[in-house]
1. Would you check if A:F176 is away from every other protein chain (no Cβ under 14 Å), among the hydrophobic types (A, V, I, L, M, F, W, C), assigned to a helix (DSSP H, G or I) and out of contact with any Lys or Arg (no Cβ under 6 Å at 6 or more places or on another chain)?
2. Within the stretch A:42-52, how many residues turn out to be in contact (Cβ under 8 Å) with a residue 60 or more places away in the chain and either closer than 26 Å to B:L257 by Cβ or open to solvent by 20 Å² or more (accessible area, probe 1.4 Å) (or both)?
3. Being closer than 25 Å to A:L383 by Cβ, at pLDDT below 95 and more than 20 Å from the chain's Cα centre (by Cα), is that true of even one residue in the stretch A:278-288?
4. Would you tally the residues in the stretch B:314-339 being assigned to a loop (DSSP other than H, G, I, E, B) and charged (D, E, K, R)?
5. Mind checking which residues of the stretch B:280-313 are under 18 Å from B:S248 (Cβ atoms), aliphatic (A, V, I, L, M) and part of a helix (DSSP H, G or I)?
6. Pick from the stretch B:367-393 the residues that are under 11 Å from B:P191 (Cβ atoms) and out of contact with any Pro (no Cβ under 7 Å at 6 or more places or on another chain): which of them is surrounded by the most Cβ atoms within 10 Å (Cβ to Cβ)?
7. State the number of residues belonging to the stretch A:292-303 that are open to solvent by 20 Å² or more (accessible area, probe 1.4 Å) and not polar (S, T, N, Q).
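The values are calculated or read from the model by the stated rules, or taken from the named source; none is laboratory data. Everything numeric in this text was worked out from a predicted model, so none of it was measured. Here Cβ is always computed from backbone atoms with ideal geometry, including for glycine, and neighbour counts include all displayed protein chains. Heavy atoms of the whole protein, side chains included, go into the accessibility calculation; ligands, DNA and RNA do not. Shrake-Rupley method; radii C 1.70, N 1.55, O 1.52, S 1.80 Å.
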Number of protein chains: 2
Amino acid sequence: MREEAAGLRAGVAVATSNFPPVEWDRLLAVRPSLQRNIVKPRGWLRYPYPFLYGQIDPALFPVADWRECSRKALSVLDVRDWTQDLIDGDDPLLIEQIRTRLLPRRGVMADESEIMVTLGAQQALSLLAELLVGRDTEVGIENPGYPDARNIFSIKTSRLRLLTVDEHGLMPGEAFANCAVVYLTPGHQCPTTAVMPLDRREALLAGAQRTGAVLIEDDYESEIPSGSDTARALKSFDNGERVVYVGSLSKILAPGLRLGYIVGSPALIREARALRRLMVRHPPTNNQRAAALFLSLGHYDALVRRLGKALKERSEIAAHALARHLPDFDVRGAGRGSSFWVTCPRQTDTRVLSEMAREQGVLIEPGEIFFGDARPPRNFLRLAFASIGTERIEPGIKTLAAAARSYENGAPQ
Amino acid sequence: MREEAAGLRAGVAVATSNFPPVEWDRLLAVRPSLQRNIVKPRGWLRYPYPFLYGQIDPALFPVADWRECSRKALSVLDVRDWTQDLIDGDDPLLIEQIRTRLLPRRGVMADESEIMVTLGAQQALSLLAELLVGRDTEVGIENPGYPDARNIFSIKTSRLRLLTVDEHGLMPGEAFANCAVVYLTPGHQCPTTAVMPLDRREALLAGAQRTGAVLIEDDYESEIPSGSDTARALKSFDNGERVVYVGSLSKILAPGLRLGYIVGSPALIREARALRRLMVRHPPTNNQRAAALFLSLGHYDALVRRLGKALKERSEIAAHALARHLPDFDVRGAGRGSSFWVTCPRQTDTRVLSEMAREQGVLIEPGEIFFGDARPPRNFLRLAFASIGTERIEPGIKTLAAAARSYENGAPQ
């Protein structure tokens, strides 16, 4: 094949060999590959103990139900709808399901003109950054916080403000007051798992009203039962248009499907649609229709219940195992979401620990990446349990504890 | 629902009613909704004679074959693959099919590190614009040319150069020589349908080698048999990395699925993957897998043959009908692609004509939108035939001719 190509090329009259190669370094306007990112081993499914966030145990994916919906989406009438280029539109059935089935559970009431479907929360954040962040816009992000949000906003502006997070989530304060745009995860802070109490939500919203800031609420684990009493989204407290809400189906249904949504002012959604049109037109319509059917037929509700039960069980087993095998690790997040935020003893470097654990088949995430500081703390880690089978959790944590003991005995202090 | 929402909101302690509304006009960094765009009526399928580009007659979509591939993609083994978040990766099966089945037909030989899947050609252009176009980058685009490309690049730079197109496509020349990036459609110029001859391709490539420009080749109708002798892509003449190739499955398979690809230097693809990761992560993996199966099982080849035959037949019928009913319209593009570029008598304003035709159930596209000039010519139109059933073409053109006669009799000259 390669030789054939060379043969084809040899017949070409253009003499290109004397010309210099393309100087990509000079030509590239941005270099996203240089950003620090969460790195997950490609073959993670082959590790016996993958405690990785954002991936799902394939056993939890509702194959039969999804297959039914995919098949229904291929009926002749549906095909007429979804094979078409919607330009800047969405499947009205999916918008309706988001509007009437998903948002009301979070206390959010919206009409069609306030909702747009995206390729996961990732695209929602990327579109909002392009729309709201100019070169000099001050953007506040949580610290520690979601590294992808930090990377997305830092491509647009050099004026990122790291806002402190405590055990109740993002803290209002002076840095917050200077921001035109603030990104936050009040429902389940990423990565600390903190649920923001009501009084702080009110304070943040009142602050934003005063300063004119837009709050981007990433409700990324909204559908995983939290067991907390603050089940409503920040958006539901917003009488105006101050909060832009970002939701996702990736955590529940499957990250590979790439389905999320934005809820915001019609003026903003209009621009977001025009921009999405330029960037990708729209998320694939067959998946929009299949997801709409999945929601409308009740499969989604059943899945949320099943997944909530599975995650609760896994969370309890993991918390118990951690308390037993790693008693000097401080664990946050038990009973809600799909991950723990773990503080190791101060001298622990979790980059080294995670390498040692990986050699024993245990995958954990060093916490350093969540900090935007020049010298981030190194004794944190994230430990997630949606990606690992229930029966593997206890042995995995036992193995992690053994790695931690070798680390303590052998690591340079 | 609305009242319930008000009720929920009434219980909130935050007094927001005294605060001013969000000033979106001040906050928005870009306003894509203000761009001129091709507008297609939402309910176009209900019009008897829709001569619209880029949409497909649902009767041409291979429902049974696609259903088979979707079903296969839902096998347990495949689900393990595609439910996962690939971060910045693609389905290796689809990359392999693009590499070994699609690209060689266009004379393009590439390895895995040179290929990335995108959400249609639209996302390919949008990523390349973000990567290669800074605020002051000179970008050359064809005039007339693809309005979405013009809009995508004009969001990034104010220095767009309109490059003249003649009956052989983009003309090399002085304006071309100043551009760092040039967007072109040599295989089937959009909208004029011109196929660029070999000597001009060589001249353009040699010019780009001299000036250091990057050429973005949008091979948007590559798979529709062209009947021309220039079946190879410009990219196949490029010994170096000067040409970035953009391909699409939307024109053949279905625009709603949103599948396209970029072929370029590994250095560029690395950055494109990092940027795509930030923006959407990756195109949905279930569709990548289903498309890979569709290609590998030979359904794609069969579809290309079937579609090529259908379009050829439609093209002949349309050309014949135009010659018969509208002899003073000059028609370009017969025998290739899925559309004609039509020059009407000089005094015709096709915006008015298309409105009059629409009242009679005929949808055509005024050509004005393809020009980037401040005062674009108004006597062009695009007439496409992938979206209209074969038996509707002749009556549709007859109806259009009647509208053209009323226009001539009644329009202000």
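1. Details: away from every other protein chain (no Cβ under 14 Å): yes; among the hydrophobic types (A, V, I, L, M, F, W, C): yes; assigned to a helix (DSSP H, G or I): yes; out of contact with any Lys or Arg (no Cβ under 6 Å at 6 or more places or on another chain): yes.
Against the criterion (away from every other protein chain (no Cβ under 14 Å), among the hydrophobic types (A, V, I, L, M, F, W, C), assigned to a helix (DSSP H, G or I) and out of contact with any Lys or Arg (no Cβ under 6 Å at 6 or more places or on another chain)), A:F176 qualifies.
2. To start, the set of residues in the stretch A:42-52 that are in contact (Cβ under 8 Å) with a residue 60 or more places away in the chain comprises A:44, A:47-52.
Then drop every residue that is not either closer than 26 Å to B:L257 by Cβ or open to solvent by 20 Å² or more (accessible area, probe 1.4 Å) (or both), which leaves A:47-49.
Final tally of qualifying residues: 3.
3. Residues of the stretch A:278-288 that are closer than 25 Å to A:L383 by Cβ, as a first pass: none.
No, there is no match, as no residue in the stretch A:278-288 is closer than 25 Å to A:L383 by Cβ, at pLDDT below 95 and more than 20 Å from the chain's Cα centre (by Cα).
4. Just the residues of the stretch B:314-339 that are assigned to a loop (DSSP other than H, G, I, E, B), to begin with: B:326-329, B:333-338.
With the extra rule that they be charged (D, E, K, R), the set shrinks to B:328, B:336.
Within the stretch B:314-339, residues that are assigned to a loop (DSSP other than H, G, I, E, B) and charged (D, E, K, R) number 2.
5. B:A290, B:A291, B:A292, B:L295, B:L303, B:V304, B:L307, B:L311
6. Taking the candidates together, the pick is B:L383.
7. Keep residues of the stretch A:292-303 that are open to solvent by 20 Å² or more (accessible area, probe 1.4 Å), which gives A:293, A:296-299, A:301-302.
Okay, now just the ones that are also not polar (S, T, N, Q), so A:293, A:297-299, A:301-302.
Counting residues in the stretch A:292-303 that are open to solvent by 20 Å² or more (accessible area, probe 1.4 Å) and not polar (S, T, N, Q) gives 6.
One line per residue, one yes/no per condition, for (1) open to solvent by less than 10 Å² (accessible area, probe 1.4 Å); (2) not in a loop (DSSP other than H, G, I, E, B):
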{"position": "B:R161", "(1), (2)": "no, yes"}
{"position": "B:P186", "(1), (2)": "yes, no"}
{"position": "B:Q189", "(1), (2)": "yes, no"}
{"position": "B:T192", "(1), (2)": "no, no"}
{"position": "B:M196", "(1), (2)": "yes, no"}
{"position": "B:E202", "(1), (2)": "no, yes"}
{"position": "B:L205", "(1), (2)": "yes, yes"}
{"position": "B:I224", "(1), (2)": "no, no"}
